[in-house]
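The values are calculated or read from the model by the stated rules, or taken from the named source; none is laboratory data. The structure presented is a predicted model; accordingly, all values stated were derived computationally and were not measured. Glycine also receives a Cβ, built like all others from the backbone with ideal geometry; neighbour counts cover every protein chain displayed.
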Amino acid sequence: MTDTRRLGRSTVEVTRLGFGGAPLGNLFSVVAENAAEAALDAAWNAGWRYFDTAPLYGHGLGERRIGAFLKSKPRDAYRLSTKVGRLLEPQTGKVDGGAYVDVPNLAPVYDYSRDGTLRSVEASLERLGIGRIDILLIHDIDRFTHRDDQPHRFKEAMDGAYPALADLRSKGVVGAIGLGVNDWRVAEDVARIADIDCVLLAGRYTLLEQEALASFLPLCVEKQVSVIAGGVFNSGILATGPKPGAVYNYGPAPQPILDRAAALERVCQAHGVPLAAAALQFPFADPAVATVVVGARASGEIEANTALLAHQIPSALWADLKAERLIAAEAPTP
């Protein structure tokens, strides 16, 4: 997979598919060490050279696993991103990891200040065991995460984390900076006022959701901000289809989402195309999207996603999806 794209106006280039590191933090269920290593090895062998992680993922476990794998690889052969905004503080007794299970006794504490950001970077470097991070992202400053406290956290990040990252970029310590969020609206707010290179937008530009087309994605093209599309399967339903127990946005899919996914799947099946292939390939058509990061916990998932990217999709499928108003009429398609 030699096809790469540059992030914004930076010199950082990423492969079309990137490895999303959340599952390696024991997201929802434990991932054995050998399975984690096999998944990373499969991604490397398939030509994936962009790896994304965060302190939140398994409360440091995700960073340690990815770092242990990448330490044996030539440093200039891959690109690595992690995030700031949470510090991991030691706790006595078992820690509730939320969606992450069997986590270390470290509790994430929000801190978007300048000092907290620099401490976060230093701690991530220690966990990764790697001397350089290519991309640093401010993590979760959206209302989805902070609710009523979001305006305060947003200001803290813009006054503290962003200037700290911009300073690291200007000194050449990091190649690109941006956000990692689940809400395109807050990403648009930041893109209008800050000089960022990229946004890792999870779950908000998919076959199920295209609201970001209205203003955010055009703004990214205008300002040369690259989108790293994450969560393209909307936490699972676009990979598994609308089966019983299908997951959407980290929880059980509500009936309207199940119905819409079923309609999408019906059109895909009529063209002999897996729903997951259409979901994976769809975001690439937008000129703002530089790469898609896909989470994996096993080597078979890597192989499957690599095949899905290569699956031939007829233009008639996209036309039918638009004709049935299942995707936005203005959405660019492959």
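Miscellaneous remarks
- Complete set of residues in the stretch 32-52 that are in contact (Cβ under 8 Å) with a residue 60 or more places away in the chain, buried (at least 20 other Cβ atoms within 10 Å of the Cβ) and part of a loop (DSSP other than H, G, I, E, B): Trp48
- All positions within the stretch 260-276 that are of a type in the set (Gly, Ala, Ser) and either closer than 12 Å to Ile327 by Cα or surrounded by fewer than 19 Cβ atoms within 10 Å (Cβ to Cβ) (or both): Ala261, Ala262, Ala263, Ala270, Gly272
- Residue identified as in contact with a strand residue (DSSP E or B) (Cβ under 6 Å, 6 or more places away or on another chain), over 18 Å from Arg79 (Cβ atoms) and not basic (Lys, Arg) among Ala166, Ala191, Ala187: Ala187
- Every condition in (1) in contact with a helix residue (DSSP H, G or I) (Cβ under 8 Å, 6 or more places away or on another chain); (2) modelled with pLDDT under 95 holds for Ser235 except the one numbered (1).
- The residue pairs whose first member lies in the stretch 123-135 and is without any contact (Cβ under 8 Å) to a residue 40 or more places away in the chain, whose second member is part of a loop (DSSP other than H, G, I, E, B), and whose beta carbons are closer than 9 Å, counting only pairs six or more residues apart or on different chains, are Leu125/Gly131; Leu125/Arg132; Leu125/Ile133.
- Within the stretch 56-83, the set of residues being outside any helix (DSSP H, G or I) and either closer than 22 Å to Glu13 by Cβ or polar (S, T, N, Q) (or both) comprises Lys71, Ser72, Lys73, Pro74, Tyr78, Arg79, Leu80, Ser81, Thr82, Lys83.
- For the stretch 8-24, a residue qualifies if it is more than 14 Å from the chain's Cα centre (by Cα) and of a type outside the set (Asp, Glu), and the qualifying residues are Gly8, Arg9, Ser10, Thr11, Val12.
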